[in-house]
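> Below is one structure. I have some questions about it.
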Amino acid sequence: MKLTGMVVVSLAALMGLYGCGNGDQKSESKHYDGKALMEQKCAQCHNLKMPPDTSDEEKAPPMYAITVHLKDWMKGNTESEKKANFIAFVSSYVLHPSLEKSYCKKDMLQKYGLMPSQEGKVTKEELEAIATYAANTYDQSKMLEILKEKNRIAAMKPYAQVLALKDCKMCHIYGEGKVAPLFKDIAAKYTQKDIETIKDAIVHGSKGKWPAYHTPMRAYKDLTPLQLDGIAHWILEQKQ
Ligand code: HEC
Ligand code: HEC
C-alpha cells in the first residue's frame, strides 16, 4: 500500500492535474454513458464482468478487483470522499500510469506490465463517467447478491434454469400463441424421436416451420448441454 503516493495523486487531481483533454469541449450538460464508454475503451484489456472471468492470458486485472481494492485503499472520512478520491485516481492513472502511482502488487505488475497510457484515446470527462460507473457498480455487497442469485439458479433443474435465464416464456407462454407457437402446441406436433429437431431449433434458431408466425426465432448458443437437453424434454412434456 502506498498511501503517500495516494495523497500526492489526489491532491494533484483536486488541483486540476489534467491539463490534457480538450478544455474547450467542457460541456457539463453532455451526458456520458460510463458503462458504454468502459466497454469501448477498457474492455480490450480489463474483464468487466461481475463476477469476473479470469484467465492466465488476461492482459490486465479485472475491473471488479481493481475497483474494490482501490475503493478500499482510498483515503477519506466519508464514503463520498473516498468515492471522489477513487474517481480522481482513476482519471489520473489512466492518462498517466506509473510504477509509483500503481497500487498493483509488484508480482502482478511483472505479470501484466504497466498499463499503457490511454492519453488521446479517452478524455478526462469520459474517464470521470467511467470511474463513477465503476464505483457504483463494482461493489462487494452487489457481488454477494449476484452470487446468491447464481447459486439460486444453479440449484434449479436444468430446464428451469433456462426458463429463469432466457426469455422463452415471453413468446411461448405469455405470447398467447400470437407471436410464437405455444409450448403445448410444439409438444403436440413432436414426439420423443424429434428431440434433436427441437434442440437444433433452440441452438440455431428457427424460421419457416410454423407458417402462422412470421418473425423467426433467434439462436440460443450459450446453453449448456444439460440445459439444452432439459428444456427440450420439458417442452415435449407440455402436451395437454
Ligand atoms: C492496453 C491494455 C489496457 C487498457 C486499454 C486499459 N488498461 Fe487499465 N490496466 C492495464 C494493465 C496491464 C494494468 C495493471 C498494471 C498497472 O496497474 O498499471 C491496468 C491497471 C489499471 C488500474 C489500476 C491501477 C492500480 O493502481 O492498481 C486502473 C484503475 C485501470 N487500469 C483503469 C483503466 C480504465 C478505466 C481503462 C479504460 C479507460 C483502462 N484501464 C484501459 C491495461 C489496460
Ligand atoms: C421472440 C419470440 C421467441 C422467443 C423469445 C423464443 N422463441 Fe422459440 N420460437 C419463436 C417462433 C416465432 C417460433 C416459430 C419459428 C418457425 O416458424 O420456424 C419458435 C419456435 C420454437 C420451437 C419449435 C421449433 C421447431 O422445429 O418446430 C422451439 C422448440 C422453441 N421455439 C423453443 C424456444 C426456447 C427453448 C426458447 C428460449 C430459450 C425460445 N424458443 C425463445 C419465437 C420465440
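> List the residue pairs whose Cβ atoms are under 8 Å apart, where the first residue sits in the range 100-128 and is open to solvent by less than 90 Å² (accessible area, probe 1.4 Å), the second is of a type in the set (Phe, Trp, Tyr) and more than 9 Å from ligand 1 (Cβ to nearest atom), and the two are 6 or more positions apart or on different chains.
Lys124/Tyr18; Glu125/Tyr32; Glu126/Tyr32; Glu128/Tyr32
> Residue check: is Tyr190 within 21 Å of Ile153 (Cα to Cα), in contact (Cβ under 8 Å) with a residue 12 or more places away in the chain and among the aromatic types (Phe, Trp, Tyr)?
It is false that Tyr190 is within 21 Å of Ile153 (Cα to Cα), in contact (Cβ under 8 Å) with a residue 12 or more places away in the chain and among the aromatic types (Phe, Trp, Tyr).
> Still on this model: Can you confirm whether the range 193-209 contains a residue that is more than 8 Å from ligand 2 (Cβ to nearest atom), assigned by TED's automatic domain parsing to the domain that holds Ala160, in a helix (DSSP H, G or I) and of a type in the set (Val, Ile, Thr)?
yes
> Further question on the same structure: Kindly evaluate Glu196 against the criterion of being loosely packed, with under 12 Cβ neighbours inside 10 Å and at pLDDT below 95.
So Glu196 does not fit the description; no.
> Could you say which residue among Ala65, Ala43, Ala36, Ala135 is more than 7 Å from ligand 1 (Cβ to nearest atom), part of a loop (DSSP other than H, G, I, E, B), hydrophobic (A, V, I, L, M, F, W, C) and closer than 30 Å to Ala164 by Cα?
Criteria check complete, one pass: Ala43.
> OK, next. Could you tell me which of the residues Lys49, Lys59, Lys41, Lys35 is within 17 Å of Lys105 (Cβ to Cβ) and either open to solvent by 40 Å² or more (accessible area, probe 1.4 Å) or acidic (Asp, Glu) (or both)?
Checking each option against the conditions leaves just Lys59.
> Then there's this: Search the range 102-124 for residues being part of a loop (DSSP other than H, G, I, E, B) and more than 6 Å from ligand 1 (Cβ to nearest atom), and hand back the single one that is farthest from Gly34 (Cα to Cα).
Lys105
> Report, by residue number, each residue of the range 155-192 that is open to solvent by 70 Å² or more (accessible area, probe 1.4 Å), more than 12 Å from ligand 2 (Cβ to nearest atom) and not in a helix (DSSP H, G or I).
Ala155, Lys157, Glu176 - these are the residues of the range 155-192 that are open to solvent by 70 Å² or more (accessible area, probe 1.4 Å), more than 12 Å from ligand 2 (Cβ to nearest atom) and not in a helix (DSSP H, G or I).
> Scan the range 112-154 for residues that are within 16 Å of ligand 2 (Cβ to nearest atom) and not hydrophobic (A, V, I, L, M, F, W, C) and jot them down.
none
The values are calculated or read from the model by the stated rules, or taken from the named source; none is laboratory data. All values reported here derive from a predicted model rather than from experimental measurement. Because the Cβ atoms are built from the backbone with ideal geometry, glycine has one as well, and the counts that use them run over all protein chains shown. We work out accessible area using only protein heavy atoms, side chains counted, and drop any ligands, DNA or RNA first. Shrake-Rupley method; radii C 1.70, N 1.55, O 1.52, S 1.80 Å.
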